[in-house]
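S.K.: Can you read through this structure? Questions will come right after.
The values are calculated or read from the model by the stated rules, or taken from the named source; none is laboratory data. All of these numbers come straight from a predicted model, not from anything done at the bench. In this analysis, Cβ positions are derived from the backbone assuming ideal geometry, glycine residues included, and neighbour counts consider all displayed protein chains. For the accessible areas, the whole protein counts, side chains as well, though only heavy atoms, and no ligand, DNA or RNA atoms are used. Shrake-Rupley method; radii C 1.70, N 1.55, O 1.52, S 1.80 Å.
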Amino acid sequence: MDFDAMFNAQLDDLKQEGNYRVFAELERRCGAYPRAKSHDDLTPDEVTVWCSNDYLGMGQHQDVRDAMKAAVDSCGAGAGGTRNISGTNHHHVRLEAELADLHRKEAALLFTSGYVSNWAALSTLGSRIPDAVILSDALNHASMIEGIRHSRARKVIWKHNDPEDLDRKLAVLPANAPKIVAFESVYSMDGDISPMAEIVEVAEKHGAMTYLDEVHAVGLYGPRGGGVSEREGLADRITLIEGTLGKAYGCVGGYITGSAALCDFIRSFASGFIFTTALPPAVAAAALTSVRHLKTSQVERQAQRRQVARLRAKLDAQGIPHMDNPSHIIPVMIKDPVKCRMLSDILMRDWGIYVQPINYPTVPKGTERLRFTPSPLHSDADIDRLVEALTVLWKQCALAHAVA
Ligand SMILES: *Cc1c(COP(=O)(O)O)cnc(C)c1O
């Protein structure tokens, strides 16, 4: 068997479809975000990153860096083991307390990433709760889908952000079956936000547990950065809130929060928690500083909102169509994988503007897009330059304009 020939054949198919992923090799310039040095000869040396999930630039925050350096100097580079075998560091325990407080829950549990936290928590709940049925929003993230699949629990998919469909699907299940409603707050591809109060109400009506992924909302929404559930005053009615330390908090790692019993249950049974080396203590120390900072500081959130509104208004003024949504994510629809890739390449090469094309399977075919995430660190001049570039390219590529 010629395995490489087989691999290459499938890769060629991806390339033909325009869905082959090419990574931009960058070095983020600490202290100068959103600038990064580009290691591609065909692009300018310095580029402006327009698609980072470090939404508030916390990765370069002085206090966060100081905390990380201090912990490296006091504890060293790695955790030294799994949480069970010598790897539980004081910094992990402090961070878990901070996260529990962030969502006003009894307990929290850290994972090596948000992906792992979803995968491990959902697979454990689905497999360990006898006869569990998991009701999953149709657009849930891959990490939730994989966790549910791995649990082998019965899965029911409900229409995206549709509490009435959820209600109907819950109603036909056996009354005594344990039910878990899994959904997100901010959906990162369309930037839409779930109707959380209605979903919680429907779940409560049927006695279902609620599992909420707040990955794209923590740090950004709510007066303390506790996410949409905090902003809406719903956190105490949600059974499990999951989040990441890798996006608005600018570090890496994932977590769940909930009751003490729930977190102890996952801690005790989740393979994806137990059998892997704990996060470096320095990462935990840095994340703790970032979470704490964003609990009290509104400056970053306010500045981000201003720049998001500014980019939207400028796009509108030029008739460049973007998806209307109530979040900080601005998808500009291209609806063609090859054009999407091409626009991204031209922006990078001719303008030093980096925005990764979002193609299938991340989004459905025919909905390919460029997805912009303005941060407090993007200046007004950065925004003007981006809109200028898009305006020029729109004319060159004969792309459709929004009807005013
Ligand atoms: C990015 C993402 C995750 C995974 O978080 P990581 O910390 O990056 O592993 C989980 N859920 C959603 C909705 C995401 O977008």
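S.K.: Report HIS401's accessible area, 1.4 Å probe, all protein chains in place, as a number in Å² to the nearest 10.
M.R.: For HIS401, the solvent-accessible surface is approximately 100 Å².
S.K.: Cross-link partners among aspartates and glutamates for LYS314, C-alpha distance below 16 Å, same-chain residues fewer than 8 apart left out?
M.R.: The reachable aspartates and glutamates, counting only those whose Cα sits under 16 Å from LYS314, are ASP324, ASP380, ASP382, ASP384, GLU388.
S.K.: So with the 1.4 Å probe, I'd like the accessible area per residue for the stretch 61-295, rounded to whole Å².
M.R.: Ligands and nucleic acids excluded, the result is 39 Å² per residue.
S.K.: Hey, with R₀ at 30 Å, roughly what FRET efficiency would LYS205 and ASP264 work out to, going by the Cβ-Cβ distance, to 0.05?
M.R.: The formula returns an efficiency of 0.60 here.
S.K.: If DNA, RNA and ligands are ignored and the probe is 1.4 Å, what is the ranking of GLU96, GLU25, GLU146 by accessible area, most exposed first?
M.R.: GLU25, GLU146, GLU96
S.K.: Further question on the same structure: Over the stretch 1-123, one equal point on each Cα, no solvent: what is log10 I(q)/I(0) by the Debye formula at q = 0.21, 0.22 Å⁻¹?
M.R.: Here the Debye-derived log intensity ratios amount to -1.24, -1.27.
S.K.: Also: Report the trypsin sites (Lys or Arg not before Pro) located in the stretch 45-135 that are in a DSSP loop and have at most 11 other Cβ atoms inside 10 Å of their Cβ, or state none.
M.R.: none
S.K.: Please report, for the Cα atoms of the stretch 61-295, the Rg to one decimal and the Dmax as a whole number; what are they, in angstrom?
M.R.: For the stretch 61-295, the Cα radius of gyration and maximum Cα-Cα distance read 17.2, 57 Å.
S.K.: At 0.36 nm per residue, minus the direct Cα-Cα distance, what do ARG310 and ALA398 gain on full extension? Give it in nm, one decimal, please.
M.R.: That pair, ARG310 and ALA398, stretches by 29.2 nm at full extension.
S.K.: So, one more: Compute the length gained on full extension between GLU388 and GLN16: take 0.36 nm times their separation in residues and subtract their Cα-Cα distance, giving the result in nm to one decimal.
M.R.: Stretched out fully, the GLU388 to GLN16 stretch lengthens by 130.9 nm.
S.K.: To the nearest 0.05, what FRET efficiency results for ASP380 and ASP45 with a Förster distance of 25 Å applied to their C-beta separation?
M.R.: Taking R0 as 25 Å, the efficiency between ASP380 and ASP45 is 0.60.
S.K.: Per residue and in cubic angstrom, what volume does the convex hull of the Cα atoms of the chain have?
M.R.: Expressed per residue, the convex hull around the Cα atoms of the chain is 166 Å³.
S.K.: What lysines could a cross-link reach from LYS105, if we take a straight Cα to Cα line under 25 Å and drop same-chain neighbours fewer than 8 places away?
M.R.: Candidates past the 8-residue exclusion: LYS179, LYS205, LYS247, LYS295.
S.K.: Would you mind working out the magnitude of the charge dipole of the stretch 191-332 relative to its Cα centre, with +1 at each Lys and Arg C-beta and -1 at each Asp and Glu C-beta, to the nearest 20 Debye?
M.R.: 640 debye
S.K.: Under 14 Å from a point 7 Å along the Cα-to-Cβ line of ARG94: which residues of the stretch 261-297 have their amide N that close?
M.R.: 281-293
S.K.: Can you pull out the chymotrypsin sites (Phe, Trp or Tyr not before Pro) in the stretch 1-62 that DSSP calls coil and that have at most 14 other Cβ atoms within 10 Å?
M.R.: Counting only loop positions with at most 14 other Cβ atoms within 10 Å, the chymotrypsin sites (Phe, Trp or Tyr not before Pro) in the stretch 1-62 are TYR20, PHE23.
S.K.: While we're on this one: In nm, to one decimal, how far is the ALA9 label point from the ASP131 one, both placed 7 Å along Cα→Cβ?
M.R.: For the pair ALA9/ASP131, the computed spacing is 4.7 nm.
S.K.: Please give the contour-minus-distance gain from GLU146 to THR277: 0.36 nm per residue of separation, less the Cα-Cα distance, rounded to one decimal in nm.
M.R.: 45.0 nm
S.K.: Could you size up the charge dipole of the chain around its Cα centre, putting +1 on the beta carbon of Lys and Arg and -1 on that of Asp and Glu, and report it in debye to the nearest 20?
M.R.: Here the chain has a charge dipole of around 420 debye.
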